[in-house]
1. Could you grab me the full set of residues in segment 87-116 that are crowded, with 18+ Cβ neighbours inside 10 Å and among the charged types (D, E, K, R)?
2. State all residues of segment 170-190 that are outside any strand (DSSP E or B), surrounded by 18 or more Cβ atoms within 10 Å (Cβ to Cβ) and either away from ligand 1 (no atom under 11 Å from the Cβ) or among the β-branched types (Val, Ile, Thr) (or both); if no residue qualifies, say none.
3. For residues that are hydrophobic (A, V, I, L, M, F, W, C), farther than 14 Å from Cys17 by Cβ and in contact (Cβ under 8 Å) with a residue 40 or more places away in the chain, scanning just segment 36-84, find the one that is farthest from ligand 2 (Cβ to nearest atom).
4. Could you tell me whether any residue of segment 119-136 is among the charged types (D, E, K, R) and surrounded by 23 or more Cβ atoms within 10 Å (Cβ to Cβ)?
5. Can you pull out the residues in segment 44-62 that are more than 14 Å from ligand 1 (Cβ to nearest atom) and either under 14 Å from Cys73 (Cα atoms) or outside any loop (DSSP other than H, G, I, E, B) (or both)?
6. Restricting to segment 278-292, what's the tally of residues that are surrounded by 17 or more Cβ atoms within 10 Å (Cβ to Cβ), assigned to a loop (DSSP other than H, G, I, E, B) and away from ligand 1 (no atom under 16 Å from the Cβ)?
7. Does Lys147 qualify as being under 21 Å from the mean Cα position of the chain (by Cα), within 29 Å of Ser187 (Cα to Cα), in contact (Cβ under 8 Å) with a residue 24 or more places away in the chain and more than 16 Å from ligand 1 (Cβ to nearest atom)?
Amino acid sequence: MRILITGGAGFLGSHLCDKLLLAGHDVVCMDNLFTGCKGNIRHLLDHPYFEFVRHDVVDPFKVEVDRIYNLACPASPIHYQYNPIKTTKVSVLGAINCLGLAKRLNARVLQASTSEVYGDPLEHPQKESYWGHVNPIGSRSCYDEGKRCAETLFFDYHRQNRVDIRVVRIFNTYGPRMHPQDGRVVSNFIVQALRGEPITVYGDGSQTRSFCYVSDLIDGFIAMMEQDAVLGPINIGNPCEFTIRELAEKIISKVGGKSKLVYKPLPSDDPVQRKPDISLAQQHLHWQPKVPLDEGLDLTISYFRELLQH
Ligand code: NAD
Ligand code: UDP
């Protein structure tokens, strides 16, 4: 198949490019390189079935494909809050452009949605049936509400125009190729520990997240795209839940440096707890994560150790 990946030069997108090329597909990677980089796809640039297109998803595009994975959107709070109006435009106009293309081509289109649609959840763990607890006017809203509106558009294009959609809600995913200045917790803590710098815990570190290793996430993406039973939304993530302080201590003990924890103010609307209920993915996709946090952290630490040496 010919497959378009928007945001294909980012952390998740570049792993998806790798996996789809390995399966023998023809991949078009579209990215404006806002948070992604050519380094993530450098090893693919000479591949005969790989094309890189520098383009902003906010502007319409035409390309003949059978599948579209829509990943274009900054994912880290510091990056999506840098230009919040643009973040909403990327989510909403990017979704409209992908859906319009899918409609014209009769292609299947998958949206990379997020656990942020649940906001600061009052239900725990989060099931897909939960409608969420989202502040519509806060500093995270550009991302949360942008992604919620994108989901709305996906289902309306399906109901109104019969577009063949799939929607996955991704929970905190980490691994090699996260940008060292990405600002998300796993990459921040690993980079700080490797440099012997203080580990910046926001708040008292009692808030929780459930961390999924990138290879598991990519398997879940493809399983969702290539099945006909459900449209979604479907949670993809690892249900093993940790406090942020536990994560910091684990990383310090693995890296073995002298870093100490320093406590910084908690950003506004930072969710207190997050853990996916993955029963639907288990039932319909026969998918569940395989890589435990300890193993995934070891692989990620090795990646950053090498990166920081150059
Ligand atoms: P990332 O920032 O590494 O990747 C996003 C990619 O989109 C980057 O390559 C960036 O340059 C590109 N991009 C941004 N704006 C664009 C635009 N206007 N036009 C074209 N390309 C643009 O982040 P990621 O973790 O790889 O996230 C990929 C997708 O998955 C995002 O949509 C994100 O919202 C979603 N997601 C990720 C996680 C996670 O934990 N990694 C969790 C929930 C949702
Ligand atoms: N966090 C932290 N220190 C950091 C970066 C993040 O304590 O250097 C916290 C953050 O406040 C949040 C959690 O770690 O509670 C996960 O943050 P991240 O930005 O990775 O993802 P999200 O908040 O979008 O789940």
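Every number in this text was worked out from the coordinates using simple rules, so none of it is lab data. The structure displayed is predicted, hence computed values, not measured ones. Ideal geometry is used to build each Cβ from the backbone, glycine not excepted, and the neighbour counts take in all protein chains shown.
1. Arg108, Glu116
2. Residues satisfying the conditions are Pro176, Val185, Val186, Asn188, Phe189, Ile190.
3. Restricting attention to segment 36-84, the residues satisfying the condition of being hydrophobic (A, V, I, L, M, F, W, C) are 37, 41, 44-45, 50, 52-53, 57-58, 61, 63, 65, 68, 71-73, 75, 78.
Adding the requirement that they be farther than 14 Å from Cys17 by Cβ leaves 57-58, 61, 63, 73, 75, 78.
Now drop any that are not in contact (Cβ under 8 Å) with a residue 40 or more places away in the chain, which leaves 57, 61, 63, 73, 75, 78.
Details: Val57: 21, Phe61: 28, Val63: 31, Cys73: 13, Ala75: 8, Ile78: 8 Å.
Filtering first and then ranking leaves Val63.
4. No, because not a single residue in segment 119-136 is among the charged types (D, E, K, R) and surrounded by 23 or more Cβ atoms within 10 Å (Cβ to Cβ).
5. If the condition is that a residue be more than 14 Å from ligand 1 (Cβ to nearest atom) and either under 14 Å from Cys73 (Cα atoms) or outside any loop (DSSP other than H, G, I, E, B) (or both), then Phe50, Glu51 are the ones that fit.
6. Residues meeting the conditions: 1.
7. On the way: under 21 Å from the mean Cα position of the chain (by Cα): yes; within 29 Å of Ser187 (Cα to Cα): yes; in contact (Cβ under 8 Å) with a residue 24 or more places away in the chain: yes; more than 16 Å from ligand 1 (Cβ to nearest atom): no.
In short, no.
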